[in-house]
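**Student:** One structure is given below, represented as structure tokens, and several questions about it will come after.
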Amino acid sequence: MKSNTKYWIGFNLVKGIGPVRLEKLLQYFGDIQSAWEARSYQLQAACLNETLLQRMIDIRNRVSLDVMEQEIFSQGIKVLTWDDPEYPDRLRQITQSPFVLYIKGEIDTDDIWAVAIIGTRRYSAYGQQVAENLSHTLAQNGITIISGLARGIDGIAHKAALAAGGRTIAVLGSGLDTIYPPEHRDLANEITKQGALIGDYPLGTPPDGSNFPPRNRIISGLSKCIIVIEAGEKSGALITATYAAEQGKEVFSVPGKVTAPMSKGTNLLIKQGAHPLLDPQDVLDMLNMTLVAEQRIVRKALPGDSKEAVLYQTVGDEPLHVDEISSLVDLPIEEVTSTLALMELKGMVRKTFGMKYMAIQELSARYYGKLNQDREGK
């Protein structure tokens, strides 16, 4: 762990200090350590009211951050913060991204291909069959399955992904040392071997009901899209779907019987504009995920070079014609088109109509940061 990680952990212990307030503190003090060690009047001047100030003072007086950090480390848990380049890029882009992530297991660069599968705890035989088939098929195609470790559809999705030999990530609404539901402890242990447990709650945090709606923003934030399989009208899965829509993610919903209570939510989502999911291929086609395996092979066999870094920085969110790209980077058109073709296969850019290209922004910052370093060093 980095030397300043403990201060991030400290702020995470103060109930009421979330991403918005911490951002204000960082802007005011300049760095996390200075914010943590600031005097009371400085903290009040920054943004803390009397209640939050007293909570923070209590934590500073009562808790040894060195001991807390060591306890986390001793349990095999990693801590990622906004300062860490390993922090998931896609999650970093959402509004109010968690400033601390606790991780048990491994986050992989291949997790950029991730789909959330969520649904009701009170599932039907139909829901179980769909969840098993969908999760198994997507996992076999190299897609990481993300869910919430809950009873019902969540647990089924995790198990099916593991059975397929794929990766899966569980986002908890409690501390990583407090597995809920308790009957999923063995499942959680298996997930750490083929994925990770993730949460933003400190160790010892119980699975209170109020914790789960906020954690759903992490489920959607880590995913390329959300799939809802059976959900009531007031289901937590619908909260996740709402987060996904706000984050600009695609939402898929599995249609069900109009008379079934567990299908009211999913059918409502379709009525509101979610994609009706009839086959796993619908997801692969919609998100251009059919070449995931090929992209992985090419990325590992042919590492990027400075030319790719230049082109990736030049190609933005909006489609840009290859002639304009060639002019901007001052490279021959033939060289640009051949490099872009390879980058498309790697999943770095996407070709649109009329020989135009746009960047795929979800790729690892570390990967492209290294390319930039290599380019600048030459």
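**Student:** Taking a quarter of the surface of the convex hull around the Cα atoms of the chain, what do you get in nm²?
**Tutor:** 20.8 nm²
**Student:** Taking 21 Å as the cut-off for C-alpha to C-alpha distance, list the pairs among Lys6/Lys104; Lys104/Lys193; Lys271/Lys351; Lys307/Lys346; Lys159/Lys257 that go past it.
**Tutor:** Lys271/Lys351; Lys159/Lys257
**Student:** Sticking with this structure for a sec: Using only C-alpha atoms and all pairs of different ones, pull out the Kirkwood radius for region 156-257 in Å with one decimal.
**Tutor:** 14.4 Å
**Student:** Here is a follow-up. Once the whole set of protein chains is in place, how much accessible area is left on Glu334, using a 1.4 Å probe, in Å² to the nearest 10?
**Tutor:** Here the residue's solvent-accessible area equals roughly 120 Å².
**Student:** Given charges of +1 on the Cβ of Lys and Arg and -1 on the Cβ of Asp and Glu, with all other atoms neutral, how large is the dipole of the chain about its Cα centre, in debye to the nearest 20?
**Tutor:** Dipole of the chain, to the nearest 20 debye: 980 debye.
**Student:** Find out how many positive minus negative residues lie around Ala38, taking Lys and Arg as positive, Asp and Glu as negative, among other residues whose Cβ is under 12 Å from that of Ala38.
**Tutor:** Net local charge, Ala38 excluded: 0.
**Student:** So what is the relative contact order of the chain, in percent, for Cα pairs below 8 Å that sit 6 or more residues apart?
**Tutor:** It comes to 13 percent, rounded to a whole number.
**Student:** How high is the relative contact order of region 1-120, in percent, counting Cα pairs under 8 Å that sit 6 or more residues apart?
**Tutor:** Relative contact order, region 1-120: 30 percent.
**Student:** Using mean Cβ contacts within 10 Å as the protection proxy, how do 62-69, 196-203 order, highest first?
**Tutor:** 196-203, 62-69
**Student:** Follow-up. Given the rule -39500 (n - 2.57) for each run of at least 4 DSSP H residues, summed and divided by the residues of the chain, what is its mean residue ellipticity at 222 nm, to the nearest 500 deg cm²/dmol?
**Tutor:** The helix-only estimate for the chain comes to -14000 deg cm²/dmol at 222 nm.
**Student:** What length, rounded to one decimal in nm, is gained on full extension from Ala341 through to Leu268, with 0.36 nm per residue of separation minus their alpha-carbon distance?
**Tutor:** Gain in length upon complete extension: 22.2 nm.
**Student:** Give the accessible surface of the chain per residue, rounded to a whole number of Å², with probe radius 1.4 Å and ligands, DNA and RNA excluded.
**Tutor:** 46 Å²
**Student:** Moving on to the next point. Restricting to region 53-196, what percent of DSSP beta bridges are antiparallel, rounded to 5?
**Tutor:** 40 percent
**Student:** On to the next question. Could you sort 339-348, 71-80 so that the peptide with the highest average Cβ count within 10 Å comes first and the rest follow in order?
**Tutor:** 339-348, 71-80
**Student:** Of Val329, Ser306, Gly173, which is farthest along the charge dipole of the chain in the positive direction, counting Lys and Arg as +1 and Asp and Glu as -1 at C-beta?
**Tutor:** Gly173
**Student:** What is the magnitude of the charge dipole of region 158-207 about its Cα centre, with +1 placed on the Cβ of each Lys and Arg, -1 on the Cβ of each Asp and Glu, and no other charges, expressed in debye to the nearest 20?
**Tutor:** Computed charge dipole of region 158-207: roughly 180 debye.
**Student:** May I ask you to give the percent of accessible area on region 171-275 that is carbon plus sulfur, with a probe radius of 1.4 Å?
**Tutor:** After summing per-atom areas, the C and S share lands at 53 percent.
**Student:** Still on this structure: All other residues with a Cβ under 15 Å from the Cβ of Ser327 taken together, and with Lys, Arg as +1 and Asp, Glu as -1, what is their net charge?
**Tutor:** Taking every other residue near Ser327 into account, the sum is -4.
**Student:** Same structure again: For every other residue with a beta carbon closer than 10 angstrom to the beta carbon of Ala131, add +1 if it is Lys or Arg and -1 if Asp or Glu, then tell me the sum.
**Tutor:** Local charge sum for Ala131: -2.
**Student:** Would you pull out the residues with amide H under 5 Å of Ala114's amide H, same chain only if 5 or more places away, H placed 1.01 Å from N?
**Tutor:** Thr144, Lys224
**Student:** Using a 1.4 Å probe on the protein heavy atoms, what percent of the accessible area of region 1-128 belongs to carbon and sulfur?
**Tutor:** It is 46 percent, rounded to a whole number.
**Student:** If you average over every viewing direction, what projected area does the convex hull of the Cα atoms of region 5-49 give, in nm²?
**Tutor:** For region 5-49, averaging the hull's shadow over all directions gives 2.8 nm².
The values are calculated or read from the model by the stated rules, or taken from the named source; none is laboratory data. A quick note: this is a predicted structure, and the numbers were derived from the prediction, not measured. Note that each Cβ is placed from the backbone with ideal geometry, even for glycine, and that neighbours are counted across all protein chains shown. What goes into the accessible areas is simple: the full protein's heavy atoms, side chains included, and nothing from ligands, DNA or RNA. Shrake-Rupley method; radii C 1.70, N 1.55, O 1.52, S 1.80 Å.
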